[in-house]
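Structure record follows, encoded as structure tokens.
The values are calculated or read from the model by the stated rules, or taken from the named source; none is laboratory data. Quick caveat, the model's predicted, so the values are computed rather than measured. Ideal geometry is used to build each Cβ from the backbone, glycine not excepted, and the neighbour counts take in all protein chains shown.
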Amino acid sequence: MKIGIISTLEQGIWGGGCDQLWLKAAEDALADGHQVAISLTHGPETVSRTKHLATAGVELFWRKQKRTIYWRLRKWLISRLRKSNWRAPAFIGELWRSRSSEIRKIFEWKPDVIIVNLSLIYDCYYLPNLAEELAKYNIPYVTVNHAASEYWLPDNAMRHTTKRVLLDAKAALFVAEGTRRMVERHISCYLENAAIVRFPVNVGNNVLPMPVADNPEFAFVGRLENSSKGLDLLFEALSSDEWKCRNWRLTLYGKGVDKDYLDELARLYCIADRIVFAGYSTDIESIWKNAHILVLPSRTESAPAVLVEAMLCGRPAVVTDVGGVIEWAFEPETAFIADATTTSSIGAAMERAWQAKDNWEAMGIAAHKFAAERIDPTPGRTLVNLAIQLSREE
């Protein structure tokens, strides 16, 4: 069978949890004897992550990186022209067709089913011509919806396009119930074709011994982007006189556009000597051999793989109640939960965690047990088989 995959993440960026699922699906589909083609943007991260697929015979349809401002302006202009009665000259039509041909290539490959991996739910609106080509070619498809945000509410055009794409899908798949509920509220529509899928994890299934140290180490794992991860709120919470009198360290594993800003902020709050920028790490277990507890002060999440991986390694967490986080984290059994993405709420959760240091090891064991019972050991194959099964149904 011919399996097509579309990754909507632009700029050649690798999205961690959201891209890892379609990558596993591609690998498992190939291992099961299927033909596979993928549409994705060209960039160092995506090239390095998919090199083994290209050598194994997967067809990669590369899309050029688009400058955000240009493409938003272009989308706005096209939208205005569509609403008007103005008839575009022929050369503009040819230009439009040449621009849209990048996403069209995977449709012209004629897959039997397409997996549309939406890193952000509204990518089906922002990725040029994706919604139009899905409707035009009428190839069965499923969507995998990873993230939505309360800080980015849709306008009418975004809402209508997203609703149409999700309702026309054989299945609208989500990695968290919380994200599904948020999307249904945003598009004012219940999705009867919705279902939950799990994501891959990059650790084993063994509890790691809790490190022995006089100074507890908090660890953040993820992109250094405040718009989604809320590290600025955490830094402010840790800048209080009370925290400055305590012996602790916070290590940030990741990279991102806000690294320099966070470095400046740590100096402003006089906690720079407690903050370690460790960079991106692929060895997740080595992180939890040294760290005691995960901190994830996110403004927006779906079902964060870093949380599940920490739990599998036997670590509790401090998290915010966003997306599908509390489908995995429970207070006081496995985590400390900030009920709002504010400095005071995150600070209160951190304080509860500090006062319960003696319970961290027991909480980590409970977290491991819960996560181990819920993960899917072969999420890529599950996704592929579900897409194939649904494509054959009338």
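For the range 276-292, filtering for residues that are of a type in the set (S, T, N, Q) and either in a helix (DSSP H, G or I) or touching a His at 6+ places or on another chain (Cβ under 7 Å) (or both) leaves 2.
Total residues in the range 289-324 satisfying the condition of being more than 14 Å from Val221 (Cβ to Cβ) and either in contact with a Cys (Cβ under 7 Å, 6 or more places away or on another chain) or surrounded by fewer than 24 Cβ atoms within 10 Å (Cβ to Cβ) (or both): the figure is 5.
Candidates in the range 276-313 are the residues that are farther than 24 Å from Leu173 by Cα and without any contact (Cβ under 8 Å) to a residue 24 or more places away in the chain; of these, the one that is farthest from the chain's Cα centre (by Cα) is Ser286. Scanning the range 139-153 for residues being of a type outside the set (Val, Ile, Thr) and surrounded by fewer than 24 Cβ atoms within 10 Å (Cβ to Cβ) gives a total of 7. For the range 310-331, a residue qualifies if it is closer than 15 Å to Ala372 by Cβ, touching a strand residue (DSSP E or B) at 6+ places or on another chain (Cβ under 8 Å) and part of a helix (DSSP H, G or I), and the qualifying residues are Ala310, Met311. All of Trp76, Trp96 fail the test of being within 26 Å of Met182 (Cβ to Cβ), assigned to a helix (DSSP H, G or I) and modelled with pLDDT under 90, apart from Trp76. Condition check for Asn156 on (1) more than 22 Å from the chain's Cα centre (by Cα); (2) crowded, with 18+ Cβ neighbours inside 10 Å: one failure, at (2).
Cβ-Cβ distances below 6 Å connect the following pairs, each with a first residue in the range 195-210 that is among the aromatic types (Phe, Trp, Tyr), a second residue that is in a loop (DSSP other than H, G, I, E, B), and a separation of six or more residues or different chains: Phe199/Val175. When His186, His160 are checked against the criterion of being part of a helix (DSSP H, G or I) and either closer than 30 Å to Leu234 by Cα or not assigned by TED's automatic domain parsing to the domain that holds Leu40 (or both), His186 stands alone in meeting it. Only one of the numbered conditions (1) touching a residue at least 40 places away in the same chain (Cβ under 8 Å); (2) under 12 Å from Gly230 (Cβ atoms) is violated by Met363, and that is (2).
Taking helices (runs of 4 or more DSSP H) as the structural unit, those lying wholly within the range 202-274 and holding at least 2 residues that are in the same structural domain as Cys313 (by TED's automatic domain parsing), at pLDDT 95 or above and surrounded by fewer than 18 Cβ atoms within 10 Å (Cβ to Cβ) correspond to 241-244, 259-268.
For (1) in a strand (DSSP E or B); (2) charged (D, E, K, R); (3) modelled with pLDDT under 95, each residue gets a yes or a no:
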| position | (1), (2), (3) |
| --- | --- |
| Val47 | no, no, yes |
| Leu53 | no, no, no |
| Arg72 | no, yes, yes |
| Ser100 | no, no, yes |
| Pro111 | no, no, no |
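For the range 171-190, the tally of residues that are free of Cβ contacts under 8 Å to residues at least 40 places away in the same chain and surrounded by fewer than 20 Cβ atoms within 10 Å (Cβ to Cβ) stands at 6.
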